[in-house]
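Throughout, read-outs are computed from the coordinates displayed, never taken from laboratory work. Since this is a predicted model, take the numbers as computed values, not measurements. In this analysis, Cβ positions are derived from the backbone assuming ideal geometry, glycine residues included, and neighbour counts consider all displayed protein chains.
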Amino acid sequence: MIYLDYAATAPAPRAVADAMYEVLAGQYGNPSSQYPAGLEMKKRVEGWRRTVAAAMDCPPERLFFTSCGTEGDSWALRAAVWQNRHMGRHIVTTAVEHSAVMECCKQLEQEGCEVTRLAPDGEGNITAAQVLEAVRPDTAVVSVMLVNNELGTVFPIGEIARGLGAKNPKALLHTDAVQGFLTFSARNLGADFVSVSAHKIGGPKGVGALYIGPRVKNPRPLLPGGGQESGFRAGTEATAQIAGFARAAELRMETRQRDREHLQALKAHAVEALSSIPDLQIIGAGGAPHILPVSLVGWPSQNIVNDLGSQGICVSAGSACHQGKPSHVVAALKLPKRTASGVIRISFGPETTAEEIDACARALRRHHDTRMPML
Ligand code: PLP
């Protein structure tokens, strides 16, 4: 199999599985138990918290484990709206957020919030000035992702944070950093909430983390209950998942610089290899080095994904090409119809090779030459 869908999820290395197995098989104590097996497990959870916090560059006491990136996004938005409930219920976000943010905003809208959704330019960019212009005195929270999962565009979170302080110092800033994990320092980013997910960096699925900054005084508990995660997110800790998360973060931190250079080189190689295919348009060659959206203009993306999939090549039609319609992210670019319906996302990881990219380029070329385009 040629796996070119790292933005969807990344394979876990053996060492991650081993770390999880060790906990599942041998270390089954509940971190809340007061005898040695429980106390020991509690200590280990705090160790893993320090590891993940180091990878995000934030104080461990401000990092909370969640069940996924989606959970962190929802928690952040709801906690921010709660903190500022007496000031206003206006939310500023973008039209290209992951569904985790988008759908939560829709829910909050049904509960009385007002949501401003900013449209990107034709390449998916949104400027800090655009975000700040939308901020009002009653804005409770601004939620802008760090890296877009379909386009790879990187949004100016630092600049937004600085401007927000001047425009509305009480408004809180959330960034969904799921696709930008290991490229930022939460301490320096300036966001009040930063959500991440383990399975995008080779950790297990079903575990994530949310950084909550010092301006959030008393975050509204996401799950009230037994007092875990400092009382803010109850539920027995997913010890094996958290162990795997920490191991993945540790491994990726060791190779972070080398991985980044490798991804940059791969992306440049992919742009060159794909550019010679007739009717192929690169949608965004800038941005994050692991995501490359392209369109085979006139050829429906779902057919491409199916055809390549049948040859063992995994790419995606955006994060979700819902029943043949372009995703909300692609739709927001306002591309011509034939371009929009041909968009696929190729995304790479540290294990990807140039030969795999070449095989994908050959398969795309074959698809172009042998399949009928749409009318
Ligand atoms: N946010 C972004 C930008 C993502 O790419 C994803 C996953 O694709 C998520 C949130 C959701 O993360 P999870 O799958 O851990 O819920």
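Put a dot 7 Å past the Cα of L223, heading toward its Cβ, do the same for N306, and the two dots end up 3.8 nm apart.
Highest-first packing order for the peptide set 122-131, 363-372 is 122-131, 363-372, based on the mean count of other beta carbon atoms within 10 Å.
Looking only at A359, A240, A340, which one moves most when the chain is put into a Gaussian network model with springs between Cα atoms under 10 Å? Looking only at A359, A240, A340, the biggest GNM fluctuation is shown by A359. For the chain, the longest principal axis of the Cα atoms and the long axis of helix 239-254 meet at an angle of about 60 degrees. Of the trypsin sites (Lys or Arg not before Pro) found in the stretch 257-339, the ones in coil according to DSSP and having at most 16 other Cβ atoms within 10 Å of their Cβ are K334. Only helices enter this figure: runs of n ≥ 4 DSSP H residues, each worth -39500 (n - 2.57), summed and divided by the residues of the chain, yield -13000 deg cm²/dmol at 222 nm to the nearest 500.
Label sites at A129 and A354, each approximated as a point 7 angstrom past Cα along Cα to Cβ, lie 4.0 nm apart.
Net length available on complete extension from S275 to R117 is 53.6 nm, with 0.36 nm assigned per residue and the Cα-Cα distance removed.
When only Cα pairs below 8 angstrom with a gap of at least 6 residues are kept, the stretch 14-253 shows a relative contact order of 26 percent. Let's test the formula: R0 of 35 Å, r as the Cβ-Cβ distance of R366 and A15. What FRET efficiency results, to the nearest 0.05? Efficiency for this residue pair is about 0.40.
Given +1 at the Cβ of Lys and Arg, -1 at the Cβ of Asp and Glu and no other charges, the dipole of the chain around its Cα centre is 660 debye to the nearest 20. Comparing mean-square fluctuations of V271, V329, V194 from a GNM of the chain with C-alpha springs under 10 Å, the top value falls on V271.
Every Cα-Cα pair in the stretch 14-253 was counted, and those over 32 Å apart are 20% of them. Antiparallel beta bridges, as assigned by DSSP with both residues in the chain, represent about 50 percent of the total such bridges.
In a fully extended conformation the segment linking Q34 and Q110 would gain 23.0 nm over its present Cα-Cα distance, using 0.36 nm per residue. Straight-distance candidates among the aspartates and glutamates for linking to K167, with alpha-carbon spacing under 17 Å and chain neighbours fewer than 8 residues away dropped: E133, D138, E159, D192.
Extension gain, A268 to K325, is 17.6 nm, computed as 0.36 nm per intervening residue step minus the present C-alpha separation. Model label sites at T183 and R50, defined 7 Å from Cα along the beta-carbon direction, differ in position by 3.0 nm. Averaging the Cα positions of each part gives two centres, and for the stretch 77-100 and the stretch 123-201 these lie 12 Å apart. Separation of the alpha carbons by more than 28 angstrom is noted, of K267/K337; K205/K334; K200/K325; K43/K205, for K205/K334.
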